[in-house]
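Coordinate-derived values only; no laboratory data. Treat the numbers as computed from the prediction; the structure is a model and nothing was measured. Don't worry about glycine lacking a Cβ; one is built from the backbone with ideal geometry, like all the others, and counts go over all protein chains shown.
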Amino acid sequence: MNEFSHLIDHTNLRPDAIRSDIIQLCEESIEYGFATACVNPTNLPLAVSVLNGNKPKPCTVIGFPLGSISIEMKFAEARFLTHQGAEELDMVLNIGALKEGEINIIENEIRQVVNAADGNCVKVILETCLLTDKEKVLACNLARDNGADFVKTSTGFSLSGATTEDIAIMRKVVGGDMGIKASGGIKTLEDARSMINAGANRIGTSSGVNIVS
């Protein structure tokens with residue numbers, strides 16, 4: 001088993017993923033000892049059934065990929081998916097509200113998703129490619145102060161993905177006690193190692209098997 005296996009969220013969030021793709025993802029997650037298998041909400045029940053209590057946790061996404069749904073909808077989605085067996089939730093924050101300086105919206109939606117998660121892990125996706133450095137710092141502070149477990153760089157569906165520069169900024173803000181997930185464009189062992197060296201302690205990728213092989 002590769003030294004990075006336990007740090008990888010093995011991911012398939014493609015809209016055209018079919019049952020066999022999700023089954024393969026989960027079976028690979030078990031075989032290689034990945035942290036989670038991360039799937040779209042519609043595929044969560046299948047992932048839960050295949051993982052069946054094995055070490056990799058079922059992970060899914062909230063408000064994905066744009067973050068542009070209401071606080072009430074994010075809460076309802078998070079609560080429903082938690083009850084369906086999700087043990088980790090990756091939520092996209094309301095990027096427009098952050099850029100408008102509507103801090104109360106960001107604080108409330110993070111708190112509501114954390115509440116809905118019933119103690120399970122919540123990662124807040126910042127979509128760093130759309131933010132200034134000042135906004136990245138603000139988003140990290142809001143995630144940390146409102147109960148999230150991780151901050152995460154990217155959805156992988158926007159302009160670009162993770163950079164070591166962004167990881168370094170995020171780690172400087174949140175300190176050593178909060179998780180940082182690098183995602184978007186991480187395809188090789190070298191990519192993963194550079195993100196971890198910059199301060200990430202979780203890697204989101206659809207190339208998990210390639211990385212650990």
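The table that follows gives values for the structure above.
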{"quantity": "Karplus (6.51, -1.76, 1.60) ³J(HN,Hα), θ = phi - 60°, over segment 47-63, in Hz, Gly and Pro reported as x", "calculated": "4, 4, 5, 6, 5, 6, x, 5, 4, x, 8, x, 10, 9, 10, 10, x"}
{"quantity": "Value of relative contact order over segment 5-212, rounded to a whole percent, pairs C-alpha under 8 Å and six or more apart", "calculated": "18 percent"}
{"quantity": "Mean projected area in nm² (Cα convex hull; one quarter of hull surface) for segment 5-212", "calculated": "9.9 nm²"}
{"quantity": "Alpha carbon convex hull of segment 95-213, projected area averaged over orientations, nm²", "calculated": "7.2 nm²"}
{"quantity": "Likely footprinting exposure, R79, R14, fewest C-beta neighbours within 10 Å first", "calculated": "R14, R79"}
{"quantity": "Full-extension gain in nm, Q24 to K55, via 0.36 nm per residue minus C-alpha separation", "calculated": "9.6 nm"}
{"quantity": "Share, in percent, of DSSP beta bridges within the chain that are antiparallel, nearest 5", "calculated": "0 percent"}
